[in-house]
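Student: Here's a structure for you.
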Amino acid sequence: MRPTDRAPDFDPAAFDLTKIHANLEAIRAINPHRYEFEMLTAVVHVDTAKHLVAGYKDLTEADFWAKGHMPGFPLMPGVLMLEAAAQLMGYYTVSEGFVKDVLMGLGGIDGAKFKRMVRPGDRLVIIGRGIKVDRRLTRFFLQGFVGSEFVFEATVTGVPLKLAESGR
C-alpha cells in the first residue's frame, strides 16, 4: 500500500462544526496572522487531555491565491493547507497555556502528502493530535478534509518565538 492510500486517522464526522470553540476574533486574540494569512475561520474542538484540536477554513473566490493559482481553475496551494494546520497547532499550544509569552513559529514539516484538490467554496477541516506538546517544542500530526474526503496529512513542528523577536 502506498502511503497516500492509507485510511485517515481521524473522522471529520465525529466533530460538530456548528459548535464554535473559538471564532475569528478569539483566534486573532491568540494568533498574530492577519489579512490574507488568516488561515483559520473557526476552532471547533479542543481536548487538552488527548491533545486533540479541530478547526476549519472556509475558502472563497476572494482568497488571495484564487486569482493566480491556476487561473480559471483555482486550487488552494498545498503550502497554505500546511500553514492552516500550523496555525491551528499554534492556536492550541498558546490558548491552552502550554507556552507563555511567546508566539508559535513553524519549525518543520514532515511527511506531507496531498490526496485531493481544495477549491473556493470548500470548507477545509483540519484535525490534529499532539505528539509532543512542550514549552520548548510542539509536534502535531494533522490531517485535512473537505466533507468526508481525506485531503492531506503532515506532521508539523512548532517552536516558540519570544515576543521581542516577533515585533509584538
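The values are calculated or read from the model by the stated rules, or taken from the named source; none is laboratory data. Predicted model only: the values in this text are computed from it and were never measured. For neighbour counting, all protein chains shown are included, and Cβ atoms are generated from backbone atoms with ideal geometry for every residue, glycine included.
Student: Answer yes or no: is there a residue in the range 54-69 that is under 16 Å from the mean Cα position of the chain (by Cα), more than 14 Å from Arg123 (Cα to Cα) and aliphatic (A, V, I, L, M). Working first, answer last.
Tutor: Going residue by residue through the range 54-69, those that are under 16 Å from the mean Cα position of the chain (by Cα) are 54-59.
Right, trim to more than 14 Å from Arg123 (Cα to Cα) and you get none.
Scanning the range 54-69 turns up no residue that is under 16 Å from the mean Cα position of the chain (by Cα), more than 14 Å from Arg123 (Cα to Cα) and aliphatic (A, V, I, L, M).
Student: State which residue is nearest to Pro32 (Cα to Cα) when the search covers only the range 86-104 and only residues that are touching a Pro at 6+ places or on another chain (Cβ under 8 Å) and in contact (Cβ under 8 Å) with a residue 60 or more places away in the chain.
Tutor: Leu103
Student: Ala29 versus (1) farther than 17 Å from Met104 by Cα; (2) more than 15 Å from the chain's Cα centre (by Cα): which is the lone unmet condition?
Tutor: (1)
Student: Could you tell me whether any residue of the range 108-115 is touching a residue at least 12 places away in the same chain (Cβ under 8 Å), surrounded by fewer than 19 Cβ atoms within 10 Å (Cβ to Cβ) and of a type in the set (Val, Ile, Thr)?
Tutor: Checked against the condition, which is being touching a residue at least 12 places away in the same chain (Cβ under 8 Å), surrounded by fewer than 19 Cβ atoms within 10 Å (Cβ to Cβ) and of a type in the set (Val, Ile, Thr), the range 108-115 yields at least one hit.
Student: Tell me yes or no: at least one residue of the range 13-21 is surrounded by 11 or more Cβ atoms within 10 Å (Cβ to Cβ) and either free of Cβ contacts under 8 Å to residues at least 12 places away in the same chain or under 14 Å from the mean Cα position of the chain (by Cα) (or both).
Tutor: No, the conditions are met nowhere in the range 13-21.
Student: Pick out the one residue from Arg168, Arg119, Arg129, Arg136 that is at pLDDT 95 or above and assigned to a loop (DSSP other than H, G, I, E, B).
Tutor: Result: Arg119 is the single residue among Arg168, Arg119, Arg129, Arg136 that is at pLDDT 95 or above and assigned to a loop (DSSP other than H, G, I, E, B).
Student: Name the residues in the range 84-116 that are at pLDDT 95 or above, of a type in the set (Val, Ile, Thr) and part of a strand (DSSP E or B), would you?
Tutor: Ile109
Student: Then there is this: Inspect all residues belonging to the range 57-79 and state whether any of them is out of contact with any Asp or Glu (no Cβ under 7 Å at 6 or more places or on another chain), in a strand (DSSP E or B) and either acidic (Asp, Glu) or surrounded by 15 or more Cβ atoms within 10 Å (Cβ to Cβ) (or both).
Tutor: Yes, because at least one residue in the range 57-79 is out of contact with any Asp or Glu (no Cβ under 7 Å at 6 or more places or on another chain), in a strand (DSSP E or B) and either acidic (Asp, Glu) or surrounded by 15 or more Cβ atoms within 10 Å (Cβ to Cβ) (or both).
Student: What single numbered condition from (1) in a strand (DSSP E or B); (2) free of Cβ contacts under 8 Å to residues at least 40 places away in the same chain fails to hold for Val43?
Tutor: Failing condition for Val43: (2).
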